[in-house]
Amino acid sequence: MDENDTQKNNLKTVRTYMSDMADTVRENEISVIKVALAEQNKHERDDVYRQMEGTPTKKIFWVIGGIILIAGAVYGTYYVLSQKAKEDVKVQVVKDESIISYDGTSPIDVTNTNDLTGKINTFKKDTSITNKDNSIRLISLEKEVNGVKEKLEIKDIFSEMRFGAPSSLVRSLNPLYMLGTYTKNGGDNDPRLFLIFQIKDYEYTYAGMLEWEATLASDMFDLFNFNTKENKLQISERTWKDIIINNKDARVLLNEDGKPILYYMFVDKNNLIITDSIDAIKEIVSRLMLKNIKPL
């Protein structure tokens, strides 16, 4: 090989080595750039995620806010349901305490009362509740049982007032009853007492009332303070008579002067009234009719 050929081979070798080194450098630079760009992109993505997720403090606020919203929703639901329950209870209480609407009320604590009739007569004279014409006042008889006020049951009414009604009559009545007074003219100092019983079995109630007529007047003598000169025994010997009130059959007891002193009437097969006032009967019947009218 001559000298020229050797120089050519050396030159070719040098160029090849230098070109390889250049290629390597270029590739490394590209790789470094790619790595840098990839790392930058990663940091940018992490920043975006962090911004989306928020700082730890923001996360805590978001959690607390979520809890508050959930608690608010739970409380709101509970409040609505509790209010509805209160309304339901209120409606039920009104239904249980009053057969007809009334204009005033007088609760009487009879927990330790031996003379229930006397206590009712004391409250009967209380005209401070209402001075309206044709007004009805509810007398609510309450006793304390285990620290809770309860309405006196109907069987206790008959036993504590020593009514001589047949047991079949008492059993034929519903637990719902109403004791109250009727005032015809506002400011009247002599309101008229009445009893309303609701009927469970009309046939037994009707037969029981006919049987009770034998002692009904004497049983009611002190409660209604009859306008008579006769005593309990004498008044109980009088005969009950038929009468028509508001196109309905009723029974009346007259005193020695022929004046009515006590009535009882079946308004329908669900309601029985006992009172000493025909005006009270008319007002009670009117309120019962209004209560039973269904809206269109």
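Read-outs throughout are calculated quantities, based only on the coordinates presented, and are distinct from any laboratory measurement. Since the structure is predicted, the reported quantities are computational estimates derived from the model, not experimental observations. So basically every Cβ, Gly included, is an ideal-geometry build from the backbone, and we count neighbours across all protein chains shown.
General observations
- Taking the Cα centre of segment 102-292 as origin and assigning +1 to Lys and Arg Cβ atoms and -1 to Asp and Glu Cβ atoms, the resulting dipole is close to 320 debye.
- Measuring nothing but alpha carbons in segment 102-292 and taking Rh as the Kirkwood radius, the Rg to Rh ratio lands at 0.94.
- P(r), alpha carbons of segment 190-283 - 10 Å bins starting at zero, rounded %: 16, 52, 29, 3
- Flagged links, alpha-carbon separation over 29 Å, of LYS184/LYS269; LYS151/LYS248; LYS149/LYS229; LYS155/LYS269: LYS151/LYS248; LYS149/LYS229
- The peptide list 210-216, 280-286, 73-79, put in order of mean Cβ contacts within 10 Å with the highest first, becomes 280-286, 210-216, 73-79.
- In Hz, Karplus ³J(HN,Hα) per residue of segment 214-230 (6.51, -1.76, 1.60; θ = phi - 60°; x = Gly, Pro): 5, 10, 4, 5, 5, 5, 8, 4, 6, 5, 9, 6, 4, 7, 7, 9, 8
- Local electrostatic count, TRP240, Cβ distance below 9 Å [Lys/Arg +1, Asp/Glu -1]: +1
- Computed on segment 180-296, with alpha-carbon pairs under 8 angstrom and 6+ residues apart, the relative contact order is 26 percent.
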